[in-house]
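Chemist: Have a look at the structure that comes next, please.
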Amino acid sequence: MAIYIDPPLWPAHGTHFSHLISDTSLAELHAFAAAAGIPDRAFDGDHYDVAEARYGALVAAGAVPVEGRVLVRKLIASGLRIPARRRSSSLKLPLLTRWNAVLPGHDALFLDLLDRWGEEHRKYHGRTHLLAVLEALDLLTEPADPPRTVLLAAWFHDAVYRGVAGQDEEESARLAEDRLAQAGLPAAEVDEVARLVRMTADHRPEAGDGAAALLSDADLSVLGGEPAAYARYLAAVRQDFAHIGDDDFAAGRAAVVRQLLQLDPLFHTPRGRDLWLDAARRNLQAELG
């Protein structure tokens, strides 16, 4: 039975935050937090967010310092963890960890992108989708790491989302060009990221374009989910277009499904085809029917 705390790495409100958890019970966690004077509003379902200034005192009070990935493993093992996909707010830790692996030292850009992906009107095209694309890239490239340009393109590919096909991708690409240039990335990398983002408008990478194939397959991986997961995807997409009437939405969605079924290939990497192609075809054909 122990309380654990990770390093203060999460940037917000002009400082950085740690996460405080119990490996046993929420009762133990709440008792420790109350004794340390941590307010109730700092509790976020399965952990407390605590400011950097409190870190030393909490360790002195008995919290065991561990790396972020160790803290996550202990939280999962405890059975107390709220799965990331159940609420967008819980995605900050896994997304921050991934961001720091691809572009460390650019906290302001991370927070801007996180805010964009967390916009209220997004239901499917939100942080859950972003994390799913990043995880799909892991599957497609393991045991190697995905190229940095592909990862950054994933972060930017729906950074602007208003539900306007083509325009969203173009504005997202322009945002990538502007923000990554400001971050000091080489021009060639900036151009490549923007090119990959624009590709997601039609998911038609050229033959031999390995980077585009990876991003396209990862972005469409949701199509190859189990029936229950696919049903959740469809419900979220419908919410994204709640401003459109049922008949108009049904007609537009049918056109999208037909277009996806006509893509040949639908998935461009051998690994993507193995993972998702058969299920994707079943899901799309069932939806159209």
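Chemist: Determine the gain in length on full extension of the stretch A207-D145; use 0.36 nm per residue of separation and subtract their C-alpha separation, reporting nm with one decimal.
Modeler: Stretched out fully, the A207 to D145 stretch lengthens by 20.1 nm.
Chemist: Based on the Kirkwood radius over alpha-carbon pairs, what is the Stokes-Einstein translational diffusion coefficient of region 167-289 at 4 °C with 1.567 mPa s viscosity, in µm²/s?
Modeler: Value of D from the Cα-based Kirkwood radius: 81 µm²/s.
Chemist: In vacuum, with every alpha carbon of the chain counted as one equal point scatterer, what does the Debye formula give for log10 I(q)/I(0) at q = 0.09 Å⁻¹? Two decimals, please.
Modeler: -0.50
Chemist: Working from Cα positions, state the angle (0 to 90°, nearest 10) between the long axis of helix 26-35 and the longest principal axis of the chain.
Modeler: Once rounded, the angle reads 50 degrees.
Chemist: Roughly what angle does helix 107-117 make with the longest principal axis of the chain, taking Cα atoms, 0 to 90 degrees, to the nearest 10?
Modeler: 60 degrees
Chemist: If r is the Cβ-Cβ distance from A12 to D40 and R0 is 25 Å, what FRET efficiency results, to the nearest 0.05?
Modeler: Approximately 0.90, to the nearest 0.05.
Chemist: Under the 0.36 nm per residue contour assumption, what length would be gained going from the current alpha-carbon distance of I82 and D274 to full extension?
Modeler: So the chain would gain 66.1 nm between I82 and D274.
Chemist: If r is the Cβ-Cβ distance from R174 to V59 and R0 is 41 Å, what FRET efficiency results, to the nearest 0.05?
Modeler: Efficiency, from the Cβ-Cβ distance: 0.35.
Chemist: Take every Cα-Cα pair in region 1-114 and report what % of them are more than 23 Å apart.
Modeler: Everything past 23 Å amounts to 24 percent.
Chemist: Please give the calculated 222 nm ellipticity per residue for the chain, where each DSSP H segment of at least 4 residues contributes -39500 (n - 2.57) and the sum is spread over every residue; nearest 500 deg cm²/dmol?
Modeler: -16500 deg cm²/dmol
Only the coordinates and a few stated rules stand behind these numbers; no lab work does. Values in this document were obtained by computation on a predicted structure and should not be read as measured data. Cβ sites come from the backbone with ideal geometry, for glycine too, and all protein chains shown count toward neighbours.
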